[in-house]
Every structure is written in C-alpha cells, then in structure tokens.
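Before any comments, here is the structure.
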Amino acid sequence: MSAISQAEYPKDYFRSPLDIPMQLSGNFGELRPNHFHAGFDFKTQQKEGLSVYAVADGYISRIKISTFGNGKAIYINHPNGYTSVYGHLQMANGDIEQYIKNTHYKEKNFEIEMFFKPDEMLVKKGQIIGFSGNTGSSEGPHLHFEFRDSKTEFVINPMLFGYDKFSKDSKKPTVSSVYVYPLNANTTVNRAQRPVLLNLSLQKDGTYLADKVVANGLVGFGISTYDTDDVSFNNNGVYKVQSFYNGKPNFGYEFNTYSFDEMRYINALVDYSRYKKMQQRVQKLFMKNPYNLSIIKTDETKGVLQVSPNLASIYRIEVSDFFGNKRTIAIPIQYDTMPAVISKEPLQSNYFIKANKDSNFALANMSVFFPAGTFYDDFEFNFAVKNDTLFLHEDTVPAHTNFTITMEDTKSPEAQKEKMFIGRIEGNKISYNPTYRKGNIFTTKVKTLGKYTLATDTVAPRISIASPIEGKWISGQKTIQVSISDELSGIKSYNGYLNGNWILMEYDNKTKKLTHFFGDGIVAEGANDLKVVVIDNVGNSTTFETRFFRK
C-alpha cells in the first residue's frame, strides 16, 4: 500500500452515507463491462427507502435524473475539495425533492440535469438528502457511492478517506486461475502456441507454487482473481496486483484514483476475447502495445518476458486487498526449444489491421472506417458483406474509440428510408444505433465489432395497462401505471397528459413501466382524461387514451 496515497486524504472528515453497518456488493476498481467501478455499492438490506445522509457539510452541486446509469443521483461539493456522489436513489428528501419535481414540470421531461452555485443548495453533515432505491441501471436495491476530486473529476477510492474503519477484512484475496501467454508467432509455452492454464499447489507457508513454465521467446502472464471480506459475502475486486521477475518489480497496479476517460482501458487490461467467449475476466500482467491507464506501473519490458537460454527464472505475483492481506504465487520459468504439440487457434481472416494506422474497408454498398488508435493491438481481421449484412470480424477484439459504418440504399422508397437505421445483429435481435442519413447514405458511429445491417422499423410502440380503468372510480390508488415497449428501434420519448396538462411519468427501464404519482396534485375531482404518447427512435408514434373518475 502506498504511504503517499494514504497520507493525502482526510481520514475522519466524512461519515457513512447510511446508518446501517457497511456491507459492499461492489467495491472501488471492480471489473465491470467496459469500465472499472467508480465507487462503492452499499447493500441496503435488499430494500428501498433507507435514509441517505450527506457525508459532510457542503452544497448540492448537481442533480441528475436518468433512466440508465446512476438513475436518480445527487452530487455534493465539500469545502475540502472533494465531491460525494449518491446514486440509484428512490427519491430525494424534502425541499430537494420538491425542487426536482418543479424542474420536471418546468422542463416537461423525466430525464433532467441541474447544476447549482455554492450558495444555493447548502447541506449539513448528517442531513437526510434522499432515500435509497433501485433506479437507473441498478440490478437490485443498493446505494452507489463515490468520491471525486471536485476540480479534476477523478474518482477516488473511499477506503483512502478512512472508510476501512467501517469494515472488517482478515481474508486473503483468491486467485482462481493463472495463465501464461505466448506473445509472438514462434513462441511455445509448455509445448503449446496458445494460452496455458497453470496448476497451482498450496505450500505450507500459505503461498502458491505454479507448474513450471517451459518456454522460448516472449511470454506474459494473466490472473483471474477476486477479494472477499468478513462481513459482505460478495466476490469483489482486488486492490493491488504486483508482479516480479527474478525479484524485480515489472508490472503492477493499485486502485487509488483514475479518471472517467480511462474507464474503457479495462478492455485492454483483461483478456477481452476470453471474457466474451467464456465470461471469465483474466487480468493481463503485460502490455503488447502500451496504453495510457494511469494506475499501471511497469518497467521498460511492459511485463513482457524474454525467456532466454541458460537462465532459470522465477516469476512472482502478489495480489493484495486494501487491508494488506496478500496472496503470493511463484512460477518457475525454464528455457526449452521443444516443438509445439498444440498449435495456435486457426484464424480465418482476409485482412490485417495495424492498430496505429487508419483502416478503410468497402464491399458492395457497405464500408467501415477505423481511425488510428481504434484498437489496442494489431490483429487478423475478417470483413465481408453477405445477404445485406456487414460482417465486421466478431466481438472478440475490443475497440477503444468510435469507428464509422456507412451503408447505401438506392432501392427503398423515400418513405421507407425515413424509418431505417443501422442496427447490430445479436442472435435474433437487432439493436438500434443512432443513424445519420443524407439522401441514400446512412452512417453511424459504434464501438463494437460484429454483424450490422440496414433495418426498417414501421411498427409503432406498444402501450398497455395491467388493469383497465376506463370509466372506473380509482379514488384509492396512489399511482397510475402503464407499460410501454418497442420491439425494434427502441423508445425515444414518452409524455403523459391529464385533462390536457402535462404530467410527470417516471420511467423504469427494467420493468418498462411509466408511473404517475397522484400526489403531484394534477388530478381533478370527478372525471379525468389520461393521454399517453410514446414515440420510437425512427418516429413511429402510439397514443393511449382512457377516462377515469376520482374523489
């Protein structure tokens, strides 16, 4: 653990955002799809509605209400230069919630974002600012909590602010697998030209000894690892990984602080192909091509080892949690020129992409442009057009930045073109990508390889209500709820009206339901006319209307 990082941050300034014991379902730096986790996920006893407290004095600098991401989120700037973030809230508290509600009605939108000056929304340490929920992309009730540097927006591990005192951890991290990778065409590892899983045996001193690696040429290592603590019962991310070659540090990282701009480098750090094929995240302890992930510290070899004759070597991996519990694996390495018994996985490819150069491919009416730096490494690339489908390799190679797909359609009538978009084919489903059209030319920017086609969506969204209320008295209900869905291009907008007045309808993307709370005060005595209008991403529209009565 770095002594410098420990000294930089105040340890007793911030309280816990909840008043229940701290249990984490996700920790800082944990590996997630396309990003590292930016904070803590506090368990909330599998329920919603727990009080969420300001962790210190400050002012609310930002409130964002979104159907995805952190859902309903509050940001507090503190006088000491840090920002605390509270996500997936069910709702805010008191005057804060009333301000949010007023803004919904002023902007006539559920998704809103508000920014405040230092003298506008003051809060005190321990003040209830909201209630825990399950909004946005949450997969169950919990509180997502972050610390950020207010100036740089870098996220910071809450443990550095003394949050380790709210937890107990006496357990060493678990290393579930270690792989060795041959890194050039001629290298063999244990008589194989593909990654090899190493057996690990537990030693009397608590360390692990791996199978001997017999290799020639360039090799690198990767690990699959997780951490547990004494109270949370979850497999969370590890804090620190460090490798040594013959006693000298050669590649490592620890999760203290990083920027949102670096998040996608997770796809360079892990064996992306293995993750996509087998859902196993192996963290690579080497870089074939350097990439700018600031948490990584490495020597001039970038973690790539040259296995040479007449030199028996020891490679060591240390995996640690924030509490200093450490797991150590020793791997003996020996040079050998034995021929490969297991050859490289056969690759059927018709092109080659150099990561540091622009690449452009075109066939028939379809083309793709990859700017230099789209990919982390050079690779053999498959490109084809068949049956109106563009085949761009497969999603086993990660793209770091957007690339551009262009398709031309000279056959379809103009009315149909207005309903067309470039979609990605996944199994039997087509997912929508925002598409720009100029005449017959359609373009979109995406970050995922795979199959793409020009799709046409002429089917309007669906709106339904579980229990019809037409002509009924519903005086006892606190809410009114409708389900909305769209099979192809997806929902772009939704608006509800009571007696001609716009009403707030909160959208939950997990249940696909719109909910209006009668407590907003728009509903009238007696007869009420409800209208809901839903529009999809290519402009197809559906209107649902009903009349109900209320005392």
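Since every read-out is calculated from the coordinates, none of them should be taken as a lab result. What you are looking at is a predicted structure, and each value in this text was computed from that prediction instead of being measured. FYI the Cβ positions are ideal-geometry reconstructions off the backbone, even for glycines, and counts take in every protein chain you see.
Summary table below
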| item | result |
| --- | --- |
| Options Thr174, Tyr275, Leu293, ranked by Cα towards positive dipole end of segment 174-335, top entry (Cβ charges) | Tyr275 |
| Packing-based exposure ordering (other Cβ within 10 Å, fewest first) of Leu209, Leu89 | Leu209, Leu89 |
| Diffusion constant of segment 3-166 at 37 °C, which comes from Stokes-Einstein with the Kirkwood Cα-pair radius and 0.692 mPa s, µm²/s | 206 |
| Tensor-based shape of the chain (alpha-carbon gyration tensor, a/c under 1.5 rounded, otherwise prolate or oblate) | oblate |
| Two-site FRET efficiency, Ser467 against Met278, from Cβ-Cβ distance with R₀ of 41 Å, rounded to 0.05 | 0.40 |
| Between helix 94-107 and the chain: long-axis angle, C-alpha atoms, 0 to 90°, nearest 10 | 80 |
| Potential extension, Thr458-Asn102 segment - 0.36 nm per residue separation minus Cα distance | 124.6 nm |
| Residues in segment 355-380 reached by a label modelled at Asn292 [backbone nitrogen below 15 Å; 7 Å Cα→Cβ] | 372-376 |
| Estimated 222 nm signal from helices in the chain, with DSSP H stretches of n ≥ 4 weighted -39500 (n - 2.57), rounded to 500 | -1500 deg cm²/dmol |
| Projected label distance in nm at Asp336 and Tyr351, using a 7 Å step from Cα toward the beta-carbon | 4.1 |
| Linear extension gain, Glu111 paired with Lys204, 0.36 nm per residue minus alpha-carbon span | 27.7 nm |
| Normalised contact order of the chain, rounded percent, pairs of Cα under 8 Å and 6 or more residues apart | 11 |
| Cα-projected label distance for Ala524 with Glu408, points at 7 Å along beta-carbon direction, nm | 5.7 |
| Ellipsoid semi-axes in whole angstrom, largest first, where each is sqrt(5λ) of the Cα gyration tensor of segment 174-335 | 24, 19, 15 |
| Low-density loop cleavage sites - GluC sites (Glu not before Pro) in segment 399-471, where at most 11 other Cβ are within 10 Å (DSSP) | Glu470 |
| Estimated D of segment 351-456 in µm² per second, where Rh is the Kirkwood radius over Cα pairs and Stokes-Einstein applies at 20 °C, 1.002 mPa s | 152 |
| Cα extents of segment 462-550 along the three principal axes, largest first (Å) | 39, 24, 21 |
| Under 22 Å from the Cα of Lys513 - lysines, other chains or at least 8 residues apart | Lys47, Lys64, Lys72, Lys101, Lys108, Lys429, Lys472, Lys478, Lys492, Lys531 |
| Under 18 Å from Lys151, Cα to Cα: lysines that are on another chain or at least 8 residues apart | Lys117 |
| Spacing of the two label points (7 Å from each Cα toward its C-beta) at Val533 and Ser485, in nm | 2.5 |
